[in-house]
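A short worksheet on the structure shown next.
None of the figures in this text is laboratory data; all of them are computed from the coordinates on show. This one's a predicted model, so the numbers in the text were calculated from it and none came from an experiment. In this analysis, Cβ positions are derived from the backbone assuming ideal geometry, glycine residues included, and neighbour counts consider all displayed protein chains.
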Amino acid sequence: MTHPLPIVRTVADLRARLAPWRAAGEQIALVPTMGALHAGHLALVTAAKATPARTVATIFVNPKQFGANEDLDRYPRDEAGDAAALAHVGCDLLFAPAPAEVYPAGFATNVRVAGLSDVLDGAARPGHFDGVATVVTKLLTMARAHAAWFGEKDWQQLCVIRRLAADLNLETRIIGHPIVRAADGLALSSRNAYLSASERAAATALPAALNTAAAALAAGAAAPETLAAAHAALTAAGFDPIDYITLADAATLGDPVPGQPARLLAAAWLGKTRLIDNVAVALR
Ligand code: AMP
């Protein structure tokens, strides 16, 4: 039988729960999420637990990272189901604050990571990464965790968070976790719930196009032709529009640098749903 998961909603209660663990010399790991949890989120919790660490999941659908015409209002929410799933994988605590706890009246600070926040998803979603950087900075300082876990699914987000943690001398170690995928290759995402059955079937073209392109690049194919072929494959599968499909340096997201890790990243729409994915590329 799994024990019910303790849930706290204020920073004061969060810190009160963490204090005895910290005093006992235990490691504290944070797993920030927006809820509607799936096996990808739970893999982060399981990995954090195994380090070993007291593992604290957060659920906060952060209004600051949604654009005016985005899906804040319809973003899936299931706190009871999430709490049960977290308890099942041994999560120690859930922090699920209300918006007013995170952004009380008078809140006026914006954390902005220049450059990294302006390309790719940042260009398609103005202000998105300021919202992410601001809330992640707050969550990390609220919990003062030893480590915080983020999925490689949101590769650009991980780059932004690594940059802000270094720039602000945050003591929390930022740890990336590989993408958890469905058996057919589609990266798990809370937003996959928006897909119709036919869209869900077509969605596998996204990881397929990325894998095909990554293999071609690793074999020495030229980037422009390879990216054009991947773009055409996505169009043929019904993706429209394709916000970007790009080869970039894995850390700076600028032009790929010979000898440095590279990443192939894409974002594209199937009907009303925007999907993102990325893969490592071994450039020759
Ligand atoms: P979200 O709730 O979508 O904001 O995601 C919370 C965290 O889980 C982020 O660090 C995501 O990158 C991570 N995550 C979401 N989906 C996956 C996945 N399929 N595999 C690995 N990590 C994921």
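What the table shows:
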{"item": "Under 13 Å, Cβ to Cβ, from Leu14 - net charge with Lys/Arg +1 and Asp/Glu -1", "result": "+4"}
{"item": "Sequence of His41, His177, His146 once ranked by neighbouring C-beta atoms within 10 Å, starting from the fewest", "result": "His146, His177, His41"}
{"item": "Label point distance in nm, Glu171-Asp249, each placed 7 Å from Cα along Cα→Cβ", "result": "3.1 nm"}
{"item": "Distance (nanometres) between label positions extended 7 Å along Cα→Cβ at Ile7 and Ala280", "result": "3.8 nm"}
{"item": "Distance cut-off 20 Å, percentage of C-alpha pairs in the stretch 144-244 lying past it", "result": "53 percent"}
{"item": "Relative contact order of the chain, defined on C-alpha pairs under 8 angstrom at six or more residues apart (%)", "result": "17 percent"}
{"item": "Ala215 versus Ala197: modelled label distance in nm, points set 7 Å from Cα along the beta carbon direction", "result": "3.0 nm"}
{"item": "DSSP bridge orientation in the chain - percent antiparallel, rounded to nearest 5", "result": "50 percent"}
{"item": "Debye equation applied to the C-alpha atoms of the stretch 7-177, log10 I(q)/I(0) at 0.08, 0.12, 0.13 Å⁻¹", "result": "-0.22, -0.51, -0.61"}
{"item": "Top of Leu195, Leu139, Leu44 by mean-square fluctuation, Gaussian network on the chain, Cα under 10 Å", "result": "Leu195"}
{"item": "Hz values of 3J(HN,Hα) by residue in the stretch 171-183 - Karplus curve (6.51, -1.76, 1.60), Gly and Pro given as x", "result": "8, 6, 6, 9, 10, x, 10, x, 5, 8, 10, 5, 4"}
{"item": "Full-stretch length increase - Ala16, Ala114 - with 0.36 nm per residue and alpha-carbon distance subtracted", "result": "31.8 nm"}
{"item": "Relative exposure of Lys272, Lys64, judged by other C-beta atoms within 10 Å (fewest first)", "result": "Lys272, Lys64"}
